[in-house]
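Worksheet: one structure, shown below.
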Amino acid sequence: MIEGDIAVHKRIEGIMEDNGGKNWFAEDAATFGDRLAAARGAQGMTQKTLARRLGVSLKTLEGWENDLREPRANRLQMLAGVLDVSISWLLTGEGQGVGADSEAGSVRMSELLHEMRMLRSEMQRSVARLGVLEKRLGQVADEGA
């Protein structure tokens, strides 16, 4: 465990004691950095490993976990995906977080994948229709010339 991890764990332990067993990941008990460190720990990742997977420096990740910096939206989305938690949980403590029911998450994921497939089909039909219209427009333009 590196120094940054030790500091975060000590801070988390203090929060747990202060809250008397209360949900220390909740908005009123933990910070973004606390939830990030907990989710990383739940995945069994070191700070160095997570930083490498996200393509950021170790210093940047330490800044996030110590609440000195905040990630941009694209990195936040990557964090949520890599750590298997929702963006809203990382930000507020509400939603799918550490230890969340993975079955409910897989149902939501299945629904989203289905919707994405439907949208892709609609887009393909629209592209085909656009091609037909462009061809007709070219024919009309040739007739008028």
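Observations on the structure shown:
- Tabulated pairs, the stretch 48-64, first within 19 Å of Asp84 (Cβ to Cβ), second of a type in the set (D, E, K, R) and buried (at least 17 other Cβ atoms within 10 Å of the Cβ), C-beta under 6 angstrom, 6+ apart or interchain: Leu50/Arg40
- Candidate set from the stretch 71-99 (those that are in contact (Cβ under 8 Å) with a residue 40 or more places away in the chain and assigned to a helix (DSSP H, G or I)); member that is farthest from Gln47 (Cα to Cα): Thr92
FYI, it's all coordinate maths here, none of it is from the lab. The structure displayed is predicted, hence computed values, not measured ones. All Cβ positions, even for glycine, are placed from backbone atoms using ideal geometry, and neighbour counts span all protein chains on display.
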